[in-house]
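Structure first, commentary second.
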Amino acid sequence: MKSPWCCGRVSSSERARVDLARIVNAAHRAGCIAGVDLAHSIGNMPLALHEYDADFAVWCSYKYLNAGPGAIGGCFVHERNIRAAPTSRLQGGGA
């Protein structure tokens, strides 16, 4: 089983963009599944998750999408991961 690994697109403390393509590539070379936390970048900058080759990404919408408290979040799963494990698909609502 591959180890999960996650990083953010923006460093809040540094106020700098992270080179996700390079970091995701390094994670893949190390045999990791690469995930991205987009809480501080969704709505702030263009994103290209397929271009970065991220395996998955998650984000909230209450911050920079201006949705407010209690708003929904989002999740991206690269299609290669869905095809690789069709029996462990994402399910919700008590399915």
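Residue 11 meets all of the listed conditions (1) exposed (fewer than 15 other Cβ atoms within 10 Å of the Cβ); (2) modelled with pLDDT of 65 or more; (3) among the polar types (S, T, N, Q) but one, namely (2). Note on the stretch 14-24: residues that are more than 14 Å from the chain's Cα centre (by Cα) and modelled with pLDDT of 80 or more amount to 1.
The values are calculated or read from the model by the stated rules, or taken from the named source; none is laboratory data. Because the structure is a prediction, the values reported are computed rather than measured. Because the Cβ atoms are built from the backbone with ideal geometry, glycine has one as well, and the counts that use them run over all protein chains shown.
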